[in-house]
1. Taking the structure as given and computing Rg and Dmax of the Cα atoms in Å, which label from [x] 19.5, 63; [y] 20.4, 63; [z] 23.5, 75 fits?
2. With charges only on Cβ, +1 for K and R and -1 for D and E, what is the dipole size of the chain about its Cα centre, in debye, rounded to 20?
3. Using alpha carbon centroids, what distance separates the range 1-48 and the range 116-147, in Å?
4. Which value in Å does the Kirkwood hydrodynamic radius of the range 1-136 take, with 1/r averaged over all unlike C-alpha pairs and then inverted?
5. Rounded to whole Å and sorted largest first, list the principal axis extents of the Cα atoms in the range 108-237.
6. Quick check: the distance between the Cα centres of the range 156-228 and the range 281-296, to the nearest angstrom?
7. Can you tell which of N105, V147, Q69 lies farthest toward the positive end of the dipole of the range 60-148, using +1 and -1 charges on the Cβ of basic and acidic side chains (Lys, Arg; Asp, Glu)?
8. Per 5 Å bin, what is the whole-percent P(r) computed from every C-alpha pair distance within the range 68-138?
Amino acid sequence: MRLAAFAIATLTPAVLLIFGVLWGGLWIWAALVSVAFLWLFMDVLTALAPAEGEFPAGDGLLALLGCLQFSHLILALWALTERLHGLDWFAGLVAFGLFFGQIGNPAAHELIHRADKRLMRLGQLIYIAFLFGHHSSAHRLVHHIHVATPADPNSARKGLGFWRFLPRAWIGSFRAGYAAEQAMSARAQGKRVNPYFWYVTGEFACIVVVLIVFGWLGLLAYLLMAAHAQSQLLVSDYVQHYGLRRRPQPGGRFEPVGPQHSWNARGWYSSAMMLNAPRHSDHHAHPSRPYPQLTLPPEAPLLPAPLPAMALIALVPPLWRRVMNPRLPLS
């Protein structure tokens, strides 16, 4: 997908959020629509979908989006404590939360997979800012290794509803990521500090700073946006791996990860807005491949609707099971 599509889909909400904070009213609602609903209309306009064929790394846009997470977090806290009131306050809270969840999460995810240490640290700082620093470790050291097995807390088994999955995945990934990092630190024989120290310290510092600068209302808004962003990441994991399992092999190992172990989604605009996160099978096959270069393998299982729509369905477990269980491969 051409880089211009990613720039338009990700930066349009960022610009509208600035206008919404400055002028409120219709502008903040336009920002909400741009990140919550615009994909619904744009995905069906296939005539506007850019052709495949350009293969940029997209690191410049990625770094910009990473920096915007911090500037927009400060902007959001200022807006929610000083600028927006009534229904505009609610619209701003939801719009910023969706921006951090639908665009910030995919950007941070891409950044922690980059070989460039500066970009990787930027991704880690984004997760720390949203009180989810441990995901930087758990995603790379647990999820990518154990995906679609019982050892991965972020791979939901068949029948498990999202609201039961949510606390299990959060707590399980925290513990599994810590264990993986602790093992690496032990092998380093004291030459390496477990990064969980920095995650927890950084998150505590963020909470204290927000409280001092923006007061209790600012802290409440901060915690709500962080929880919103985290839940969007976890529902994405839930949707993209629900019910898919790698077969056990002799000796206790599991079959290698393949395209069949991740759900994928079409929809060009929603994919652009989420930096091709819906092309999930290719990401698991090539974790370091830049997002503009990800493809949809022909054998990969497809969700019946774009990823944002399936995330909404996942919030209603009986409906989710009715839609998805018949699509699961026979065990």
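Taken together, the values in this text are just the output of simple stated rules run on the coordinates, not laboratory data. Keep in mind that what you see is a predicted model, and the values were worked out from it rather than measured. Reconstructed Cβ throughout: ideal geometry from the backbone, glycine too, with neighbour counts over all protein chains shown.
1. [x]
2. Result for the chain is approximately 1080 debye, rounded to the nearest 20.
3. What the calculation gives is 26 Å, centre to centre.
4. Value: 15.6 Å, from the Cα pair sum.
5. 43, 43, 23
6. So the two Cα centres are separated by 26 Å.
7. V147
8. 4, 17, 25, 21, 14, 10, 6, 3, 1
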